[in-house]
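The values are calculated or read from the model by the stated rules, or taken from the named source; none is laboratory data. What you see is a predicted model, and the numbers here were worked out from it, not measured in a lab. Don't worry about glycine lacking a Cβ; one is built from the backbone with ideal geometry, like all the others, and counts go over all protein chains shown.
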Amino acid sequence: MAIRLDIREDGIGVITTKVARGTAGFRPGQLSENMSRPLMREQTQAFLKRLGKVGFWSLPNPVIDQTGADGSQWIIEGVKKGNYHVVDRWSPEQGAIRELGLYLAVGLALMNIPKDEIY
């Protein structure tokens, strides 16, 4: 699954969700979901505020934390004032990347993901 939040010049975010069938990371398969929709300005601002609150722009990368063959890779990328930052974590059980990822997927993209499938 991939979730993208683009913020237009007017401050309104557009969230895009893509979900592929298949074996994640090995054979992603065809897209089963491809949706884009605008967010309310307040939703976009709340996400930006959350980025600051968790200290996204100063989180270290890379962190070598892959501890098994089964899990998921959570990657959050951002651009602020022309500066690119990426944070990559393996199956985070807590912390900033898990909080931001869940907020994007469930809070903004409104994805219905069973709790036992989030890892």
Does the range 38-54 contain any residue that is assigned to a strand (DSSP E or B) and at pLDDT below 90?
no
Residue 100 vs (1) in a helix (DSSP H, G or I); (2) over 21 Å from residue 8 (Cα atoms): all pass except (2)
Here the residues within the range 90-119 that are within 17 Å of residue 58 (Cα to Cα) and of a type in the set (Asp, Glu) are 99
Would you tally the residues in the range 39-68 being farther than 19 Å from residue 97 by Cα and in contact with a helix residue (DSSP H, G or I) (Cβ under 9 Å, 6 or more places away or on another chain)?
1
Taking the residues in the range 66-90 that are part of a loop (DSSP other than H, G, I, E, B) and modelled with pLDDT under 90 as candidates, determine which candidate is nearest to residue 44 (Cα to Cα).
72
Taking only pairs six or more apart or across chains, which ones have beta-carbon atoms under 7 Å, a first residue in the range 105-119 that is of a type outside the set (D, E, K, R), and a second residue that is at pLDDT below 85 and not in a helix (DSSP H, G or I)?
119/71
Can you name the residue in the range 45-74 that is loosely packed, with under 14 Cβ neighbours inside 10 Å and of a type in the set (Ser, Thr, Tyr) and, of all such residues, is farthest from the chain's Cα centre (by Cα)?
67
Being more than 17 Å from residue 2 (Cα to Cα) and more than 16 Å from the chain's Cα centre (by Cα) is the filter; apply it to the range 29-44 and report the residue that is surrounded by the most Cβ atoms within 10 Å (Cβ to Cβ).
41
Only unsatisfied item for residue 117, checking (1) of a type in the set (D, E, K, R); (2) modelled with pLDDT of 95 or more; (3) surrounded by fewer than 10 Cβ atoms within 10 Å (Cβ to Cβ), is (2)
Counted residues, the range 82-119 - those being in contact with a Phe, Trp or Tyr (Cβ under 8 Å, 6 or more places away or on another chain) and among the basic types (Lys, Arg)
2
Taking the range 7-37 and keeping residues over 25 Å from residue 95 (Cβ atoms) and at pLDDT 90 or above leaves 8, 9, 10, 11, 12, 14, 34, 35, 36, 37
